[in-house]
Each structure stands twice: as structure tokens, then as C-alpha cells.
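One structure is given below, encoded as C-alpha cells.
The values are calculated or read from the model by the stated rules, or taken from the named source; none is laboratory data. What you are looking at is a predicted structure, and each value in this text was computed from that prediction instead of being measured. Neighbour counts run over all protein chains shown; Cβ positions are idealised from the backbone, glycine included. Heads up: the accessible areas ignore ligands, DNA and RNA and are worked out on the full protein's heavy atoms, side chains in. Shrake-Rupley method; radii C 1.70, N 1.55, O 1.52, S 1.80 Å.
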Amino acid sequence: MNKTFIKLTFAACLLASNFVSGTSQAQSLPPEQIKSILKLTKANWVAYRNYNGQQLVYFTHLESWKCGLTTVQYGLNDQPLNNNWPLAKCDEKQPNQVTKERPYLAFPLGHVKSIKLKLTFIDQTDSEIVEFKAP
């Protein structure tokens with residue numbers, strides 16, 4: 001088995017155990033493990049949804065791993081990374097809980113063609129810049 005598969009399996013088992021047990025074991029995850037999970041799940045950093053006449057760009061995944069992040073920078077379409085997503089405050093007792101009422105940005109339908117993201121982790125290192133094209 002390759003290392004990526006093992007890491008993804010570990011992350012999936014950890015998340016599943018939190019949901020099944022009803023407790024949050026993630027509070028004990030060190031920042032380097034959260035960083036690894038975020039790197040392995042980068043395809044899920046944002047999600048798009050057309051709803052009620054709007055195009056929504058969700059940051060739910062990043063909000064659920066906010067305790068391992070200091071900054072989320074983004075740029076829409078061909079714009080530079082000149083916007084910051086304001087992460088909710090980390091709650092060590094419930095670190096993966098999404099507490100924002102609106103964990104998304106709303107735009108007119110079809111406005112966002114793509115979004116680019118760069119994360120800054122607790123250890124002050126940056127992720128690569130990742131682009132997510134709208135469906």
C-alpha cells in the first residue's frame with residue numbers, strides 16, 4: 001500500500017470515529033496532523049452550489065479544520081489572492097464543529113468561474129495555491 005492511501009484511510013477512520021462515538025477526539029490532534037489531513041483533502045477545500053438563484057461557494061471543510069489554520073486567502077476568477085476568508089474562532093473542546101451561520105459566499109448565478117485558495121497553517125507555512133473551477 002502507498003503512504004497516501006494509508007494517510008487517507010487514517011484520516012477517514014479518525015473522522016468516522018468522531019461521528020460514531022459522539023465525542024471529539026480531534027481536539028488531541030497536533031497541528032501537523034491537521035495540516036496533513038488538509039493537504040490530503042485539498043479537493044474538498046471549497047464546494048459550489050447553485051441555490052435559490054445564487055451561486056454559493058462553501059468553505060465548510062476549511063471551517064471544520066480551522067484549528068490548524070491561521071489564514072485562508074482566496075481570489076475569484078482571474079483575480080489575485082487579495083481576499084481573506086474569516087475563519088471562526090477555534091474551540092478546542094469541539095474543534096471540528098462548524099459554527100458559522102453562513103459558511104459560504106453568495107454571488108449571482110454564473111459569477112464565479114473559479115476560485116484560487118492558499119492556506120496558512122498554524123506553523124506559519126503556506127499551502128500550494130489550488131484552483132477550483134466552477135462546474
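Determine how large the accessible area of Arg102 is when every protein chain is in place; take a 1.4 Å probe and give Å² rounded to the nearest 10.
Here the accessible area works out near 130 Å².
Count charges around Lys66 for me, please; just the other residues with Cβ under 11 Å from its Cβ, Lys/Arg as +1, Asp/Glu as -1.
Net of charged neighbours comes to 0.
For region 58-109, I need the span (max minus min coordinate) of the C-alpha atoms along each principal axis, in Å, sorted largest to smallest.
Principal extents (largest minus smallest coordinate, Cα): 38, 22, 13 Å.
When the Karplus curve 6.51 cos²θ - 1.76 cosθ + 1.60 is applied with θ = phi - 60°, which whole-Hz ³J(HN,Hα) does each residue of region 66-74 get, with x for Gly and Pro?
Working through the residues one at a time gives 4, 5, x, 10, 10, 8, 10, 9, 9 Hz.
Normalised by the number of residues in region 36-102, what is the relative contact order in percent for Cα pairs under 8 Å and 6+ residues apart?
Relative contact order for region 36-102 comes out at 25 percent.
Report the extension gain between Asn50 and Glu32 in nm, rounded to one decimal, defined as 0.36 nm multiplied by the number of residues separating them, less their alpha carbon distance.
Extra length available between Asn50 and Glu32 comes to 3.0 nm.
Once a ≥ b ≥ c are taken as the square roots of the eigenvalues of the Cα gyration tensor of region 43-130, is the result rounded (a/c under 1.5), prolate (a/b larger than b/c) or oblate (a/b not larger than b/c)?
Oblate shape, in that a/c is at least 1.5 and b/c is the bigger or equal ratio.
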